[in-house]
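J.: Please see the structure below; I have some questions.
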Amino acid sequence: MFSGLNREIHLAARPQGWPTLDTFALVETPIPEPTEGQVLVRNIFMSVDPYMRGRMNAARSYAPPYEVGQVLYGGAVGQVLVSRTPAFAEGDIVLSNNGWREYFVSDGRGLERIAPAVPLSYYLGVLGMPGLTAYVGLLNIGQPKPGETVFVSAASGAVGSVVGQLARIKGCRAIGSASSDEKVRFLRDELGFDAAFNYKETPPDQALWQAAPDGIDIYFDNVGGDHLQAAINAMKPFGRIPLCGMNSTYNAVTPPPGPNNLMLMVAKRLTMRGFLVGDHADRKAAFRAEVGGYVRDGRIRVRETVVDGIARAPEAFLALLRGDHIGKMVVRVGPDPA
């Protein structure tokens, strides 16, 4: 039906420490042909996200690991090219977990048809999994109140940038940490953070004392390590700490030391809770409606780093891990019909 090749990215080897380009393999296969009850989808954008690093390890976790020699997977938005089922029409735009490839066939399970109201790539970022993570982590776990101070680490990334802007919308003061002066300017000048600091120049303990001498009420943790320790020191009594991720540990060969000030959790009566966005699927409709409105009226601003071509998806992922991006990192796999 469709002549030509489908290119996809496989896991070539499990990384020890930091992944390299040799961790991945570009594999060519025939474009698959849908049978009765299936659709053929061409991916337009795919997502690269920090959680994918954990799935490259063989260790058991909350999700199955990627298999060596098999295609990777993750969030993607694509277009139905051929439909052999009445459930989907040719031309439909769909979300899936079948990223890291140009084409795929599906029986419809795991596909979500969308009527795009914003650029398609936004459904992998601010209106996708990262945005929902920010939404439920801050609002459900952090439970911000007007006048409180919210600190978020990795604040210039896909999750952190939404957390800080949501905090401001909810009447809170927002403080963010980032890994460069350029990102600090982005947080303050473009996103409206009240304060931001480059943790490579100013240690988090010192920076938080300067930015919030009276303390913080919520710490949204994307980093762990010295950020978590500093945040516990700076927390006000009855503060809340949503634990989203700890990217300072993802490529560690041996576990780094943890915070040595956990007794303050008792003295300050703090609440620290980890969460997985998959446990909050019931919030998706409310999230899309609320945050989609903020995006459309300009109260939430979006920055993306876009890499072109499936062959460069490994480069995009490695750049993400190094922090060589601002906002959401996406790969443009093919032409965007919009």
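The values are calculated or read from the model by the stated rules, or taken from the named source; none is laboratory data. Remember, predicted model here, so these are calculated numbers, not experimental data. Every residue, glycine as well, gets a Cβ built from its backbone with ideal geometry; the counts of neighbours run over all protein chains shown. Heads up: the accessible areas ignore ligands, DNA and RNA and are worked out on the full protein's heavy atoms, side chains in. Shrake-Rupley method; radii C 1.70, N 1.55, O 1.52, S 1.80 Å.
J.: If only one of E8, E28, E90 is part of a strand (DSSP E or B), open to solvent by 40 Å² or more (accessible area, probe 1.4 Å), in contact with a Leu (Cβ under 9 Å, 6 or more places away or on another chain) and among the acidic types (D, E), which one is it?
T.: E28
J.: Let me ask something additional. Name every residue in the range 146-191 that is within 21 Å of D226 (Cα to Cα) and assigned to a strand (DSSP E or B), in order of residue number.
T.: Across the range 146-191, the qualifying residues are T149, V150, F151, V152, G157, A174, I175, G176, S177, A178.
J.: Within the range 159-178, which residues are open to solvent by 20 Å² or more (accessible area, probe 1.4 Å) and touching a strand residue (DSSP E or B) at 6+ places or on another chain (Cβ under 7 Å)?
T.: R168, R173
J.: Determine whether the range 239-248 contains at least one residue that is in a loop (DSSP other than H, G, I, E, B) and modelled with pLDDT of 95 or more.
T.: Taking the range 239-248 as the starting set, the residues that turn out to be in a loop (DSSP other than H, G, I, E, B) are 244-248.
Among the residues that remain, those that are also modelled with pLDDT of 95 or more are: 244.
Yes.
J.: Would you check which residues across the range 322-335 are closer than 17 Å to Y51 by Cβ and either out of contact with any helix residue (DSSP H, G or I) (no Cβ under 8 Å at 6 or more places or on another chain) or in a loop (DSSP other than H, G, I, E, B) (or both) and list them?
T.: Across the range 322-335, the qualifying residues are R322, G323, H325.
J.: If you check every pair at least six apart or on different chains, which have Cβ atoms under 6 Å apart with a residue in the range 286-314 that is under 30 Å from F24 (Cα atoms) first and a residue that is loosely packed, with under 14 Cβ neighbours inside 10 Å second?
T.: P314/L21
J.: Related question: Any residue at all in the range 273-281 that is among the aliphatic types (A, V, I, L, M), more than 15 Å from the chain's Cα centre (by Cα) and open to solvent by 40 Å² or more (accessible area, probe 1.4 Å)?
T.: Looking only at the range 273-281, we keep the residues that are among the aliphatic types (A, V, I, L, M), and these are 276-277, 281.
From what's left, more than 15 Å from the chain's Cα centre (by Cα): 281.
Checking which are open to solvent by 40 Å² or more (accessible area, probe 1.4 Å) leaves us with 281.
So far as the range 273-281 goes, yes, one or more of its residues are among the aliphatic types (A, V, I, L, M), more than 15 Å from the chain's Cα centre (by Cα) and open to solvent by 40 Å² or more (accessible area, probe 1.4 Å).
J.: If you don't mind, there's one more thing I want to ask. Got a sec? Which of A311, A319 is in a helix (DSSP H, G or I), open to solvent by less than 20 Å² (accessible area, probe 1.4 Å) and at pLDDT 95 or above?
T.: Numbers: A311 fails: open to solvent by less than 20 Å² (accessible area, probe 1.4 Å).
Every option except A319 fails the conditions.
J.: Sticking with this structure for a sec: Just give me the residues in the range 204-221 being exposed (fewer than 14 other Cβ atoms within 10 Å of the Cβ) and in a loop (DSSP other than H, G, I, E, B), in sequence order. Walk me through how you get there before you give the answer.
T.: Here is the first cut: in the range 204-221, the residues exposed (fewer than 14 other Cβ atoms within 10 Å of the Cβ) are 206, 210, 213-214.
Matches in the range 204-221: P213, D214.
J.: If you don't mind, another one. Any residue that is in contact (Cβ under 8 Å) with a residue 24 or more places away in the chain, among the aromatic types (F, W, Y) and surrounded by fewer than 17 Cβ atoms within 10 Å (Cβ to Cβ) - is there at least one of those in the range 234-246?
T.: Residues of the range 234-246 in contact (Cβ under 8 Å) with a residue 24 or more places away in the chain: 234-246.
With the extra rule that they be among the aromatic types (F, W, Y), the set shrinks to 238.
The next check asks that each one be surrounded by fewer than 17 Cβ atoms within 10 Å (Cβ to Cβ); those that pass are 238.
Within the range 234-246, one or more residues are in contact (Cβ under 8 Å) with a residue 24 or more places away in the chain, among the aromatic types (F, W, Y) and surrounded by fewer than 17 Cβ atoms within 10 Å (Cβ to Cβ).
J.: While we're on this one: For P19, state whether it is over 29 Å from G108 (Cβ atoms), of a type outside the set (K, R), open to solvent by less than 70 Å² (accessible area, probe 1.4 Å) and touching a Leu at 6+ places or on another chain (Cβ under 7 Å). Quick ask: steps written out before the conclusion?
T.: Working: over 29 Å from G108 (Cβ atoms): yes; of a type outside the set (K, R): yes; open to solvent by less than 70 Å² (accessible area, probe 1.4 Å): yes; touching a Leu at 6+ places or on another chain (Cβ under 7 Å): yes.
Taking the combined requirement at face value, the residue satisfies it.
J.: Could you grab me the full set of residues in the range 285-308 that are hydroxyl-bearing (S, T, Y) and open to solvent by 40 Å² or more (accessible area, probe 1.4 Å)? Spell out the reasoning first.
T.: Filtering the range 285-308 for residues hydroxyl-bearing (S, T, Y) gives 294, 305.
If the condition is that a residue be hydroxyl-bearing (S, T, Y) and open to solvent by 40 Å² or more (accessible area, probe 1.4 Å), then no residue fits.
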